[in-house]
Amino acid sequence: VLDKLPLEYQEEILGAAPRIVVEAAYKRGWEKYVGLHGDIIGMDGFGASGPAEQLYEYFGITVDGIVDSVKNLLKK
């Protein structure tokens, strides 16, 4: 839905602050929303299987992973 709105409005909604996306699945496609100065936390591809807790830990989809990402973005 956001893609169908005018670019100026998208930028107004998303703002200028660093952006972080936390995706419990494949992170492809989010790049256009986080921009050059954002971060995407999620799986790098398809095919991983196992208990969700183990997959989240492996791919950094954790509170610690999010906190680390925020800290890194704020340093830039």
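Just wondering, is there one or more residues in the range 32-40 that are open to solvent by 90 Å² or more (accessible area, probe 1.4 Å), at pLDDT 90 or above and in a helix (DSSP H, G or I)?
Scanning the range 32-40, I find no residue that is open to solvent by 90 Å² or more (accessible area, probe 1.4 Å), at pLDDT 90 or above and in a helix (DSSP H, G or I), so the answer is no.
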Take Leu7 and tell me if it is touching a residue at least 24 places away in the same chain (Cβ under 8 Å) and open to solvent by 80 Å² or more (accessible area, probe 1.4 Å).
no
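Considering only residues that are surrounded by 13 or more Cβ atoms within 10 Å (Cβ to Cβ) and assigned to a loop (DSSP other than H, G, I, E, B), look in the range 10-29 and name the one that is farthest from the chain's Cα centre (by Cα).
Pro18
Considering only the range 66-75, I want to know if a residue exists there that is in contact with a helix residue (DSSP H, G or I) (Cβ under 9 Å, 6 or more places away or on another chain) and either surrounded by 10 or more Cβ atoms within 10 Å (Cβ to Cβ) or in a helix (DSSP H, G or I) (or both).
Restricting attention to the range 66-75, the residues satisfying the condition of being in contact with a helix residue (DSSP H, G or I) (Cβ under 9 Å, 6 or more places away or on another chain) are none.
No - not one qualifying residue is present in the range 66-75.
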Consider Ile61 carefully, then state whether it is surrounded by 13 or more Cβ atoms within 10 Å (Cβ to Cβ) and either part of a helix (DSSP H, G or I) or touching a residue at least 24 places away in the same chain (Cβ under 8 Å) (or both).
yes
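The values are calculated or read from the model by the stated rules, or taken from the named source; none is laboratory data. Computed from a predicted model, the values in this text were never measured in an experiment. Every residue, glycine as well, gets a Cβ built from its backbone with ideal geometry; the counts of neighbours run over all protein chains shown. In case anyone asks, the SASA skips ligands and DNA or RNA and just uses the protein heavy atoms, side chains included. Shrake-Rupley method; radii C 1.70, N 1.55, O 1.52, S 1.80 Å.
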